[in-house]
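Just so you know, all these numbers are worked out from the coordinates, no wet-lab data involved. In this text the structure is predicted, and so the values were computed from the model without any measurement. All Cβ positions, glycine included, derive from the backbone under ideal geometry; neighbour counts span all protein chains shown.
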Amino acid sequence: MTSHLLTPAERAQLAMMLEVCAFPKPGNVDRCHDYPDTRLEHFLASVILARPALEEAASGRGRIGEIIGHAVRQTNVHSGGNTHFGAFLLLVPLLYGGDIAGGNAAVTRTDISDAVAFYKAFALTRVRMNDTDELDVNDPRALDELRERNMSLLDVMQHSAPHDMVAREWINGFALTRRGADILRQIGPGREAIVEMFLTLLATEPDTFIIKKHGRSVAEQTMENARQVLDKKKVLETFDAECIKAGINPGSIADITIAAIFIALGEGWEWDS
């Protein structure tokens, strides 16, 4: 299927599906292994259930924060929890703006209403906050703090960027998303390109989801292991097994991988050639 025949929402769904089905992606749910509480089927169900919110974003109408909230509520209906919160944080502005340039413009137009809607959606997920964050969504005073500071959603992402690489994409012009899409186009079509892109990003960027769960030293060792796989000094399947055993999940890189696939599909990259 040529990607130019797809609607933007369909490209977003396809990107979500291709990311979770590509294997092996060290430490993440894929077609070869599940987590105890979250299975491949949960991810695929969310791909389907997110369609109304993705179409809403692609229409370029409404508020970005509210649309992110709609995506969370539409997919937070199974026992696997919310599987794509970080991906929605990237896909919604990219869909809203039409591409990376438009996404960059869209995030600058967010306001306090977007920030409040985002925090309410965040509170419904299992996503971890930084332990020292004074704007913790689990603290009922957080919304009052947002309103007092009159923070836009872009301001919230700026606040979170030092310790969250998905938030950092909003601040740096979706730089890793752009890089990932370029890698896919350089490698060519197919599942193997997604795995190689994932590994390349993992080898060069400390995954902030790993940092939050295990600390920076584990994230840096994970980067080194990814580099060894790319250099043919370590077997990919061994690296994958080690991550699964240790509960090391490069979840932020996975979210950026989805956004990169979405952009690459819109630029003509083919997944089934």
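Couple of notes before you dig in:
- Calculated from backbone phi, Karplus (6.51, -1.76, 1.60) coupling profile of segment 13-30 in Hz, x at Gly/Pro: 4, 4, 4, 4, 5, 5, 5, 6, 8, 5, 8, x, 10, x, x, 9, 4, 8
- Simple label model, 7 Å out from Cα along Cβ direction - Leu230 to Glu145, nm: 3.6
- Lysines whose Cα lies under 21 Å from that of Lys245, excluding same-chain neighbours fewer than 8 positions away: Lys25, Lys212, Lys213, Lys233, Lys234
- With the biggest extent put first, the Cα atoms of segment 165-273 measure 37, 32, 19 Å across the principal axes.
- Percent of C-alpha pairs per 10 Å bin, segment 1-113, short to long: 15, 44, 31, 10, 0
- Label selected from (1) 22.3, 71; (2) 19.4, 64; (3) 17.5, 53, the criterion being Rg and Dmax of the Cα atoms in Å as computed here: (3)
- CD proxy at 222 nm, helix term only [per DSSP H run n ≥ 4: -39500 (n - 2.57); per residue of the chain; nearest 500]: -19500 deg cm²/dmol
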